[in-house]
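Written out below as structure tokens is the structure these notes cover.
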Amino acid sequence: MFRYGAGLFVVLLAAFCGWVPMQPDTVERWYAVGVYPAIQARLTPLTNMIPFAVLDILLVSALVFVVVCAIGAVRTMRRTRSPRPLAELAWTLLTTASMLYLVFLVVWGFNYRRVPVSQHLELSPTPPMAASVAGLGARAVAQLNRLHANAHQIGWKEGEWRDEELRGAFHATQRLLSDTPPATVGRIKSSLLGTYFRWSSVDGMINPFGLEVLANPDLLPWERPFVAAHEWSHLAGYANEAEANFVGWLTCVRGSVPMQYSGWLFLYWQIAGQVDATDRAALVDKLDAGPRADLQAIADRLRRGQFPFLRTVSWRVYDRYLKANRVDQGVRSYDEVLTLILRTRFDDGWTPRIRSSGSAH
């Protein structure tokens, strides 16, 4: 009875944490500024020491656990000729899933409920117009044309987590946006999920149970700095995809020439997907041959590895996951980085203005 009582408590607690509203200011104060940085500062350095993906071990262990429990339940059911073992199996899986959900929330998941980064920034009161998006696209094109030759001449370093320039730019960006200690950057790891990343067009993810970074093995050199900065932003607690894109882009444009090029490539890609066909064609016409070839290489990579059905299903599942974690826009939150960039007031060097406490937003 004690075991069932404890299991019921865990299930009810998970349901409570999943559905009861929480004030963002409260989450920001006790979790985003307090609990989470302490966890990340200890867990990420530990997983950085491990050359393989800890998530792979967790996934294999979970699969073995389910299979062993299922086999045991079926054997017991055959021996006793009772359906009770299946009910006990279902209860075991439910309580285990509830425990994992609670661990997920404590280790990383509560970041979905923190104060949005937009509330810390000075923003334009009106949403951007289509002309503003096209204008930012023209600026991205100019930057790509300007940076391409030098970026390729300098080249991109392997082992982004040891790149002092990229780490420095990331930490500087964090200090601009928050008073919390800079997050520990994560080692970029390959994973058993690499094939899934390839088929579903996923560039990377973090392991929310180990706070490590996993990346698509097919990423091109000029993609990797931005992907690294984006995933490190998640490690810093920016769970919303638009916010992680914003922090990742700010990191890149404040860094070295190859990093800047990577950041502007990302932004161009986002803009090209948002403008109409006429504006998109105008942007393409202004691109020099070098940036155009790099963008084509990215498109070819995506097309070559993509499994359309799996990609569609995966992004639908991820959309539901985001909405379940109170990201109302779902996967559309990726694109909202353009709104955030265009509404933010910047000083020189793409330095965002931080609003004073109590000011309107």
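List of remarks:
- Residues in region 139-166 that are polar (S, T, N, Q) and surrounded by 15 or more Cβ atoms within 10 Å (Cβ to Cβ): Gln143, Asn145.
- Screening region 167-213 for residues that are touching a residue at least 24 places away in the same chain (Cβ under 8 Å) and of a type in the set (D, E, K, R) and picking the one that is surrounded by the fewest Cβ atoms within 10 Å (Cβ to Cβ) gives Asp179.
- Qualifying residue in region 265-281 (condition: touching a residue at least 40 places away in the same chain (Cβ under 8 Å) and closer than 30 Å to Arg42 by Cβ): no
- Any chance Ala73 is in contact with a strand residue (DSSP E or B) (Cβ under 6 Å, 6 or more places away or on another chain) and surrounded by 15 or more Cβ atoms within 10 Å (Cβ to Cβ): no
- Leu310 meets all of the listed conditions (1) crowded, with 16+ Cβ neighbours inside 10 Å; (2) modelled with pLDDT under 90 but one, namely (1).
- Qualifying residues in region 40-69 (those that are surrounded by 15 or more Cβ atoms within 10 Å (Cβ to Cβ) and not polar (S, T, N, Q)) - the one farthest from Leu235 (Cα to Cα): Cys69
- Any hit, region 70-78, residues being farther than 27 Å from Asn207 by Cβ and among the basic types (Lys, Arg): yes
- The single condition from (1) touching a Pro at 6+ places or on another chain (Cβ under 7 Å); (2) assigned to a helix (DSSP H, G or I); (3) under 30 Å from Pro45 (Cβ atoms); (4) at pLDDT 95 or above that Thr184 fails is (2).
- Inter-residue pairs, beta-carbon under 8 Å, first not assigned by TED's automatic domain parsing to the domain that holds Leu59 and in region 78-96, second assigned to a helix (DSSP H, G or I), 6+ apart: none
- Residue within region 97-119 that is part of a loop (DSSP other than H, G, I, E, B), of a type outside the set (A, V, I, L, M), closer than 20 Å to Tyr31 by Cα and touching an Asp or Glu at 6+ places or on another chain (Cβ under 6 Å) present: yes
- Just one of the listed residues (Leu147, Leu166) is farther than 26 Å from Leu121 by Cα, out of contact with any strand residue (DSSP E or B) (no Cβ under 9 Å at 6 or more places or on another chain) and in a helix (DSSP H, G or I), namely Leu147.
- The single condition among (1) within 30 Å of Pro21 (Cβ to Cβ); (2) loosely packed, with under 15 Cβ neighbours inside 10 Å that Gly109 does not meet is (2).
Yes/no matrix, rows are residues, columns are (1) of a type outside the set (Phe, Trp, Tyr); (2) at pLDDT below 65; (3) outside the structural domain of Ala14 (by TED's automatic domain parsing):
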| residue | (1), (2), (3) |
| --- | --- |
| Gln306 | yes, no, yes |
| Ser314 | yes, no, yes |
| Tyr318 | no, yes, yes |
| Asn325 | yes, yes, yes |
| Tyr334 | no, yes, yes |
| Thr339 | yes, no, yes |
| Phe346 | no, no, yes |
| Ser357 | yes, yes, yes |
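The values are calculated or read from the model by the stated rules, or taken from the named source; none is laboratory data. As the structure is a computational prediction, the values presented were derived from the model and not from experiment. So basically every Cβ, Gly included, is an ideal-geometry build from the backbone, and we count neighbours across all protein chains shown.
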